[in-house]
There are 2 protein chains.
Amino acid sequence: MGTRWLDDDERDAWVRFIAVVERLPGVLDSQLRRDAGLTHYEYFVLAMLSEAPDRTLRMTALAARTNATLPRLSHVVSRMEERDLVRRSPCLQDRRAFNVTLTDTGWATLVDAAPGHVATVREHVIDPLSPAQVRELAGIADAMLRRLDPQGSATPPARAPRTGEPDGAGEPDGTGEPDGAGSTGSTAATGSAPGGR
Amino acid sequence: MGTRWLDDDERDAWVRFIAVVERLPGVLDSQLRRDAGLTHYEYFVLAMLSEAPDRTLRMTALAARTNATLPRLSHVVSRMEERDLVRRSPCLQDRRAFNVTLTDTGWATLVDAAPGHVATVREHVIDPLSPAQVRELAGIADAMLRRLDPQGSATPPARAPRTGEPDGAGEPDGTGEPDGAGSTGSTAATGSAPGGR
DNA sequence: AGCGGATAGTTGACGATACAACTATCACCC
DNA sequence: GGGTGATAGTTGTATCGTCAACTATCCGCT
């Protein structure tokens, strides 16, 4: 069975796409590192936590939402814990598990970093595209994700919570909102994160 | 001046897109590492060289085509040289510069690796898309690339050779084709590379 | 000539990631 | 009620990439 090589359209799309995939992380990392002392991955961890109920997520769930492996997340969380950006606490329901919570320092760091980061994302990704292209891109990325992430663990806030529930699933505190900053703060933190709800 | 946050369409596109950007390299790397003992970046270096005239490119040109920094390329080439995949030789026209040439071993390694790699690219990137989406993707990636790489150094084979000409620009040997395998081999090597000419 | 700034590339140290073990707990079930 | 397999997470090592010097060469100018 011969290999199905890429035709001209396909090769053209692939070469450009892989160039973006290779170059974009470096751009995101260096802007955040320079302006906020964070890697893009660390930023994303903060953003995901900021949108979670009670600003808390289990390691496994956080790893899935941040598109990373568990060992990688574990190392990153250890370093972030030393900088007081997040805090680990044992999960009461499952003694193998840990919850990770955003600290006030982490929240402040995120709010600080968000405008510059969003500007970078706009400059390099969103603004060069027409509104129609932005919608196309969502569809295209979604199609790829179904192969790259068959469980759909990257964006679970939309569906049934199959696994990785944070501690105390039925938390008494009904306000999903973080204290203090109100909805403005939440949007700021989001920056590059899913629309939560 | 307030930050322009992302609206719903934009955030949706961004979150899915960044998930692909984060996950895809790992998938490409582990397939190639498992089946051919190469990283994706090393594969790409081999592929770019295989399409260059005389299978040779200067460091700077190769770095641009492979979307990498010069220090990174330098380290990678050193390792690949030890494995006899490529060879460095001083550039006669410019004594600061070096040419990198694909060896026969490197060519064979590339030909070996190509089918599996292309299959992976198809599975995760191309085949999930409709033909129309493939064309859309080329346009979208192109628009982003104009910001990420304003000089357009990623795909220069189409335009004027502003910099980084390989040694002996007017090489006597007129056949751009590698020896042996003919056009089939060339296509195989291409795999994930630009259509050269 | 020869000086100054830019370009080509290398090197070393450090930081971060992947991968493979390993521990501890859970869930099932016979 | 104890064994078995799966799950949650950590840790150590080896590798890879980035960043900041540093060397060598080239180009333009006076």
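The values are calculated or read from the model by the stated rules, or taken from the named source; none is laboratory data. Being a predicted model, the structure only gives us computed values, none of them experimental. FYI the Cβ positions are ideal-geometry reconstructions off the backbone, even for glycines, and counts take in every protein chain you see.
Out of the residues in the stretch B:70-102 that are within 8 Å of DNA strand C (Cβ to nearest atom) and within 15 Å of B:Tyr41 (Cα to Cα), which is farthest from the other protein chains (Cβ to nearest Cβ)?
Within the stretch B:70-102, the match that is farthest from the other protein chains (Cβ to nearest Cβ) is B:Ser78.
Among the candidates A:Val100, A:Val121, A:Val134, single out the residue that is among the β-branched types (Val, Ile, Thr) and in contact with a Lys or Arg (Cβ under 8 Å, 6 or more places away or on another chain).
A:Val100
Could we say that A:Asp104 is under 21 Å from A:Thr60 (Cα atoms), more than 16 Å from the chain's Cα centre (by Cα) and surrounded by fewer than 17 Cβ atoms within 10 Å (Cβ to Cβ) here?
When the stated conditions are applied, A:Asp104 does not pass them.
Identify, by number, the condition in (1) in contact (Cβ under 8 Å) with a residue 24 or more places away in the chain; (2) more than 14 Å from every other protein chain (Cβ to nearest Cβ); (3) within 9 Å of DNA strand D (Cβ to nearest atom) that B:Arg33 doesn't meet.
(1) is the only condition that B:Arg33 fails.
Any residue in the stretch B:28-39 that is of a type in the set (A, V, I, L, M), over 25 Å from A:Pro150 (Cβ atoms) and within 16 Å of DNA strand C (Cβ to nearest atom)?
For the stretch B:28-39, residues of a type in the set (A, V, I, L, M), over 25 Å from A:Pro150 (Cβ atoms) and within 16 Å of DNA strand C (Cβ to nearest atom): present.
Can you confirm whether the stretch B:89-108 contains a residue that is within 14 Å of DNA strand D (Cβ to nearest atom), among the small types (Gly, Ala, Ser), under 19 Å from A:Ala19 (Cβ atoms) and touching a helix residue (DSSP H, G or I) at 6+ places or on another chain (Cβ under 9 Å)?
Within the stretch B:89-108, none of the residues are within 14 Å of DNA strand D (Cβ to nearest atom), among the small types (Gly, Ala, Ser), under 19 Å from A:Ala19 (Cβ atoms) and touching a helix residue (DSSP H, G or I) at 6+ places or on another chain (Cβ under 9 Å).
B:Ala68 passes all but one of (1) more than 10 Å from DNA strand D (Cβ to nearest atom); (2) surrounded by fewer than 21 Cβ atoms within 10 Å (Cβ to Cβ); (3) within 12 Å of the chain's Cα centre (by Cα); which number fails?
(1)
If you scan the stretch B:122-152, which residues turn out to be touching a helix residue (DSSP H, G or I) at 6+ places or on another chain (Cβ under 9 Å) and either outside any helix (DSSP H, G or I) or in contact (Cβ under 8 Å) with a residue 40 or more places away in the chain (or both)?
Across the stretch B:122-152, the qualifying residues are B:His124, B:Val125, B:Asp127, B:Pro128, B:Leu129, B:Ser130, B:Asp149, B:Gln151, B:Gly152.
Quick test of your reading of the structure: B:Ala158 fulfils all but one of (1) over 18 Å from the mean Cα position of the chain (by Cα); (2) hydrophobic (A, V, I, L, M, F, W, C); (3) at pLDDT below 95. Name the failing condition by number.
Checking B:Ala158 against (1) over 18 Å from the mean Cα position of the chain (by Cα); (2) hydrophobic (A, V, I, L, M, F, W, C); (3) at pLDDT below 95, the one that fails is (1).
In the stretch B:6-15, is there at least one residue being within 24 Å of A:Ala47 (Cα to Cα), surrounded by fewer than 21 Cβ atoms within 10 Å (Cβ to Cβ) and more than 7 Å from chain A (Cβ to nearest Cβ)?
Scanning the stretch B:6-15 turns up at least one residue that is within 24 Å of A:Ala47 (Cα to Cα), surrounded by fewer than 21 Cβ atoms within 10 Å (Cβ to Cβ) and more than 7 Å from chain A (Cβ to nearest Cβ).
Which condition number in (1) in contact with a Ser or Thr (Cβ under 7 Å, 6 or more places away or on another chain); (2) within 14 Å of chain B (Cβ to nearest Cβ) is the one that A:Arg65 fails?
A:Arg65 satisfies all of (1) in contact with a Ser or Thr (Cβ under 7 Å, 6 or more places away or on another chain); (2) within 14 Å of chain B (Cβ to nearest Cβ) except (1).
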